[in-house]
Amino acid sequence: MKFNEPATTNPIDQLKVVGQPVNRVDGPLKTTGTAPYAMDRHDVVPNQAHGYILGSSIPKGRIVSMDLAAAKAAPGVIAIVTAQNAGKINKGNFNTAMLLGGPRIEHYHQAVALVVAETFEQARDAAHLVRVRYERDKGVFDLHEVKNKAAAPKGEAAETKVGNFTGAFASSAVRHDAEYATAHESHSMMEPHASIAAWDGDALTLWTSNQMIAWNVGDLAKTLGIPKSKVRVISPYIGGGFGSKLFLRADALMAALGARAARRPVKVTLQRALIPNNTTHRSATFQRIRIGATREGKITAIAHDSASGNLEKGSPENAATQTRSLYAGEHRMTSNRVAGMDLPEANAMRAPGEAPGMAALEIAMDEMAEKLGMDPVQFRILNDTQVVPDNPEKPDATDPQGKKPKTAHVPHPPFSKRQFIQCLQTGAQRFGWDKRSAQPGKQRDGRWLVGMGMAAAFRDNMLTKSAARVRLDRRGILTVETDMTDIGTGSYTILAQTASEMMGIPLEKVKVRLGDSSFPASCGSGGQWGGNNSAAGVYAACIKLREAIAAKAGFDPARAIFADGLVRAGERSLPLAEAVGERELVAEDFIEYGDIDKRFQQSTFGAHFVEVAVDAATCEVRIRRMLAVCAAGRILNPKTARSQVIGAMTMGAGAALMEELAVDKRLGYFVNHDLAGYEVPVHADIPHQEVIFLDETDPMSSPMKAKGIAELGICGVAAAIANAVYNATGVRVREYPITLDKLI
Ligand code: MOS
């Protein structure tokens with residue numbers, strides 16, 4: 001089904017099941033600990049051996065020699081895989097560094113060997129007997145040192161210019177020019193990476209934990225040099241991703257190589273301590289923001305330049321991108337630059353670009369409002385725009401060759417829906433914003449300095465192709481099959497709701513099967529595109545099934561009504577199970593989009609409000625309450641959506657106050673590589689959260705009229721906290737995380 005026009009009335013609009021706060025259908029499996037995660041799958045294939053990854057102990061250089069003799073002779077050892085004996089390995093489509101290093105070493109903890117043994121402990125013991133001699137090269141590990149050498153990558157719209165920023169800024173009545181810094185961050189999902197690989201002849205089956213099944217199949221096939229048809233990836237339950245599991249990682253490739261070498265199934269888990277350096281992280285950024293405005297507060301010039309670090313050929317953190325669309329202003333400039341470094345590979349982490357970008361931009365907006373003597377909510381309202389003020393022509397994101405898109409470039413497309421002002425106003429009212437003192441450092445509660453802060457939330461909504469299959473059997477059970485993943489987000493639940501609504505059958509009669517590459521390829525889970533697109537894929541398949549059922553029953557498909565387990569036309573009705581006939585009825589389809597997202601800018605909006613208390617003596621920061629107001633199209637399930645938003649707000653609190661991968665600048669690695677050293681918020685850090693969804697449908701986003709929500713919730717949170725800390729103390733911190741040493 002091609003979706004290219006605003007959707008008119010459709011069966012989803014009944015909202016009998018969709019839009020309801022249905023409990024997670026996989027909830028009992030999760031809460032009883034019986035959901036089968038990748039590393040728990042002892043049952044799927046017998047005779048599993050265990051692999052242990054040895055990571056490089058240098059960040060850059062080469063392996064001079066490897067002595068495997070002692071490891072090979074250790075008890076239980078079956079095989080040892082290294083770059084020397086693994087055969088030809090190609091780089092995947094998405095990896096910047098090789099997943100198995102050697103002789104060249106590209107980053108610290110890059111895998112250099114996999115030891116396969118009968119037990120995990122034997123594999124680990126033997127791995128420590130592998131003797132590796134390295135020759136170390138000099139490396140670049142300090143972003144601050146190289147940020148001015150950062151450059152915009154070629155072939156991407158990394159830089160934009162509209163009008164004459166420099167002139168307009170220089171002649172603006174009120175100006176702000178400051179630099180902000182965000183930290184290197186680690187996804188820190190609950191479930192570490194894990195894979196079990198089994199070969200049957202030349203065919204590979206991989207049980208793993210991955211957000212994007214089809215990408216993973218493609219990358220495994222490419223890396224191993226085998227056809228995609230010979231790879232099956234299974235990942236039905238995932239204990240969090242946040243972008244860490246978008247791509248093929250070392251656990252999966254090494255399990256496949258280990259199983260080939262050992263001639264039996266091999267399980268590989270990445271121990272927590274390997275994750276920050278072996279896998280990916282979000283790069284730190286330095287962001288210079290300049291805003292010029294009239295005395296009345298109208299932005300006339302705005303520039304946002306971001307520098308991040310990555311391995312050579314790695315992408316920048318696109319922290320400046322939202323500044324192209326969020327606020328009005330005639331003269332503008334943005335750049336997303338990247339400096340070559342030798343830290344581990346930087347890549348997507350929840351709301352890549354916007355999360356650190358909004359963390360900086362929304363402090364700058366607060367500072368500008370103060371300079372103007374304006375309320376920060378009013379300043380944002382005054383600079384709202386209903387069209388994209390800056391829209392560079394860019395290669396089609398879905399075209400890996402980077403060729404010109406076939407569709408025409410629309411210079412200033414309108415937003416499909418933009419209720420940004422409503423978010424700001426609703427939030428201000430609900431939070432009691434009028435009680436905030438405009439002057440910082442004025443509210444006191446015993447030893448606590450109390451302050452309020454706010455920030456905008458903004459994140460794009462991406463439309464991507466997504467397929468599904470639905471089967472209706474003679475008992476009236478509908479089974480949905482798609483390779484969509486549920487990374488803790490609620491995919492099982494919203495897809496069940498979608499099918500239930502479409503077919504007019506109770507939720508209990510819908511079974512959803514996900515995360516298997518033998519099912520039709522979905523959009524996967526990433527970039528907050530999963531919910532809307534995967535549900536729209538199920539919608540498309542259900543439309544086909546409805547047509548098939550109507551045809552079997554002899555009804556006009558356009559007039560058939562599906563409700564209460566029946567298909568009805570006029571006076572006649574038939575139980576769905578009977579319409580099926582002898583065998584099951586199967587329908588498969590996909591949703592795909594034309595250029596609707598070029599003609600209409602699709603974005604999601606919100607506003608964050610935070611109250612903090614700062615200990616006047618120790619400068620310890622405590623969050624007291626948080627409110628998010630979101631406008632993100634139709635909310636398919638307010639309960640799962642709320643969970644996504646409060647989780648994202650929590651992650652934003654981490655970014656604001658505690659999260660930072662600390663770099664050892666001499667040895668070139670992230671030092672704090674576990675959850676003791678890398679601090680994330682706990683319940684005690686987050687006492688009160690409220691989420692309001694504006695009543696919204698977006699007919700341009702898909703037949704579901706929904707948009708992404710899971711990443712919107714993090715965008716702006718850190719700045720709202722930073723602004724609240726400023727309001728409490730009068731100390732402006734422009735460098736995250738805002739630890740107490742920066743306030744003293
Ligand atoms: Mo998200 S960082 O695209 O999983």
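The values are calculated or read from the model by the stated rules, or taken from the named source; none is laboratory data. Here the structure is a predicted model, which means the values were calculated and not measured. Glycine gets a Cβ as well: all are built from the backbone with ideal geometry, and neighbour counts include every protein chain shown. Calculation scope for accessible area: heavy atoms of the full protein, side chains included, ligands and nucleic acids excluded. Shrake-Rupley method; radii C 1.70, N 1.55, O 1.52, S 1.80 Å.
Tabulated values for the structure
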| quantity | calculated |
| --- | --- |
| Some residue of segment 646-665 being closer than 24 Å to residue 699 by Cβ and surrounded by 19 or more Cβ atoms within 10 Å (Cβ to Cβ) | no |
| Within segment 345-374, tally of residues that are in a loop (DSSP other than H, G, I, E, B), within 16 Å of the ligand (Cβ to nearest atom) and on the phi < 0 side of the Ramachandran plot | 6 |
| Of all residues in segment 334-387 being out of contact with any Cys (no Cβ under 8 Å at 6 or more places or on another chain) and of a type in the set (Asp, Glu), the one that is most open to solvent (accessible area, probe 1.4 Å) | 370 |
| Selected residue (criterion: farthest from the ligand (Cβ to nearest atom)) from residues of segment 213-230 that are touching a residue at least 12 places away in the same chain (Cβ under 8 Å) and open to solvent by less than 10 Å² (accessible area, probe 1.4 Å) | 223 |
| Unmet requirement for residue 251, which otherwise passes all of (1) crowded, with 22+ Cβ neighbours inside 10 Å; (2) touching a Pro at 6+ places or on another chain (Cβ under 8 Å); (3) charged (D, E, K, R) | (2) |
| Number of the exception - residue 119 against (1) of a type in the set (Ser, Thr, Tyr); (2) over 15 Å from residue 668 (Cβ atoms); (3) surrounded by 21 or more Cβ atoms within 10 Å (Cβ to Cβ) | (3) |
| Qualifying residue in segment 708-717 (condition: away from the ligand (no atom under 16 Å from the Cβ), surrounded by 24 or more Cβ atoms within 10 Å (Cβ to Cβ) and either hydrophobic (A, V, I, L, M, F, W, C) or under 21 Å from the mean Cα position of the chain (by Cα) (or both)) | yes |
| Set 116, 140: member being assigned to a loop (DSSP other than H, G, I, E, B) and either on the phi > 0 side of the Ramachandran plot or within 33 Å of the chain's Cα centre (by Cα) (or both) | 140 |
| Residues (in contact with a strand residue (DSSP E or B) (Cβ under 8 Å, 6 or more places away or on another chain) and either within 16 Å of the ligand (Cβ to nearest atom) or β-branched (Val, Ile, Thr) (or both)) located in segment 231-242 | 231, 233, 234, 235 |
| Out of 287, 322, sole residue that is buried (at least 24 other Cβ atoms within 10 Å of the Cβ), in contact (Cβ under 8 Å) with a residue 12 or more places away in the chain and away from the ligand (no atom under 16 Å from the Cβ) | 287 |
| Hits in segment 244-277 - residues which are in contact with a Gly (Cβ under 8 Å, 6 or more places away or on another chain) and within 16 Å of the ligand (Cβ to nearest atom) | 246, 247, 248 |
| Residue match in segment 89-102 (condition: without any contact (Cβ under 8 Å) to a residue 60 or more places away in the chain, closer than 23 Å to residue 195 by Cα and out of contact with any strand residue (DSSP E or B) (no Cβ under 6 Å at 6 or more places or on another chain)) | yes |
| Which listed residue is modelled with pLDDT of 95 or more and either part of a loop (DSSP other than H, G, I, E, B) or open to solvent by less than 40 Å² (accessible area, probe 1.4 Å) (or both), from 402, 451 | 451 |
